[in-house]
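Below is one structure, written out as structure tokens; the observations come after it.
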Amino acid sequence: MKKIFLAVVLLMATLQSFSQCACCAGAGIGSSNGDFNNGILTLPQKMFLVEAYSDYRTIKDGNAPQEDEKLLTKMLISSVGVRYGISKSLTVSVLLPYVNLYTNNGSDGGLGDLILLGNYTIFSKNKLNFVIQGGIELPTGVQKSSRFDNTTVIVGSGSYDPMIGVLFSKQWDKLTLNGNALYKHTTNGFQDNYYGSLSVHGVGVSYKINGKTSICEMDSLDTKTVSNFGLSATVGYSGEWLDKLKEDNVVDEDSGHYLGLANFGGTFLYKKWAFPLTLSLPIINKMNGLQNDFGYRFRVGIIRAF
């Protein structure tokens, strides 16, 4: 019996929204493609940030065998999260996803794995910032019988999976350069199966078109000198590598990949609100064995600072 496995998809949909500006409001593009930031990698002390995202993804028809399961055609990944600035150097965050799966024979959905992360600034000078990142993915995702065919839907890994990463940013007058890399070590989960470790990386450039670049500015500057509105644009590249899955100690040769995405997006800000959106187009689809390629992705978010 084949399984539809989405823990990695869910992580890719969320972890890079943590691998960037803790304000997440410089110039957003999304999902694993990264909501590239405005150079602020940790929140001001005692600031809360609440965020919600919707990530729509398509999957191309290809030569992957269908057999007794219906192939996915698209998915919608929704997530909600909270971040908090413990100090000016340390920000902690939590995010919980929910996924909807679609095939030509119906749809299904389920709760994904909860992600806990922390960002700690190790260097900050002349608008050049370096941050280390660590966290864990908790096994809150569901395993259930599919409503659209004779398979098992696994939305999560069923294991506790540690993560570690690095981030950097450099700001100029209107430009911000951002980069990140993060690795998740997957341990054996449901039925003692291995669902593949994951590594993601990205780089992007944000350009301030108008006004402020971050909802954090309202807390750090005189509000009389800061515009209530802001608009910025971002272009970038992100990549993600997934190891091959292993079930019953047998490696699935039709699993694992390297995906490269070109990202185009922007963020509109109003007072302490931010609205990032992203269009991501695959430029590298290196799949192991017989798998269908990824299609385009579109992501939109709503963020509120307190």
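Just checking, how many residues over the stretch 282-306 are open to solvent by 70 Å² or more (accessible area, probe 1.4 Å) and either touching a helix residue (DSSP H, G or I) at 6+ places or on another chain (Cβ under 7 Å) or under 27 Å from Gly256 (Cα atoms) (or both)?
Residues flagged as open to solvent by 70 Å² or more (accessible area, probe 1.4 Å) and either touching a helix residue (DSSP H, G or I) at 6+ places or on another chain (Cβ under 7 Å) or under 27 Å from Gly256 (Cα atoms) (or both) within the stretch 282-306 amount to 5.
Considering only residues that are farther than 11 Å from Leu269 by Cα, modelled with pLDDT of 80 or more and open to solvent by 50 Å² or more (accessible area, probe 1.4 Å), which ones fall in the stretch 202-221?
Val203, Val205, Tyr207, Ile209
Results for (1) part of a strand (DSSP E or B); (2) open to solvent by less than 30 Å² (accessible area, probe 1.4 Å); (3) at pLDDT 95 or above; (4) among the hydroxyl-bearing types (Ser, Thr, Tyr), shown as yes or no for each residue.
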site	(1), (2), (3), (4)
Ser227	no, no, no, yes
Ala262	yes, yes, yes, no
Gly266	yes, yes, no, no
Thr278	yes, yes, no, yes
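Look through the stretch 23-76, keep the residues that are modelled with pLDDT of 90 or more, among the polar types (S, T, N, Q) and over 17 Å from Ile302 (Cα atoms), and return whichever of them is surrounded by the fewest Cβ atoms within 10 Å (Cβ to Cβ).
Among those residues, the one meeting the criterion is Gln45.
So, in the stretch 81-111, of the ones that are closer than 26 Å to Thr152 by Cβ and open to solvent by 40 Å² or more (accessible area, probe 1.4 Å), which residue ends up nearest to the chain's Cα centre (by Cα)?
That would be Leu96.
Considering only the stretch 112-142, how many residues are open to solvent by 60 Å² or more (accessible area, probe 1.4 Å) and within 16 Å of Ser159 (Cβ to Cβ)?
1
The values are calculated or read from the model by the stated rules, or taken from the named source; none is laboratory data. What you see is a predicted model, and the numbers here were worked out from it, not measured in a lab. Note that we place each Cβ from the backbone using ideal geometry, even for glycine, and neighbour counts take in every protein chain shown. Surface accessibility is based on the protein's heavy atoms, side chains included, excluding ligands, DNA and RNA. Shrake-Rupley method; radii C 1.70, N 1.55, O 1.52, S 1.80 Å.
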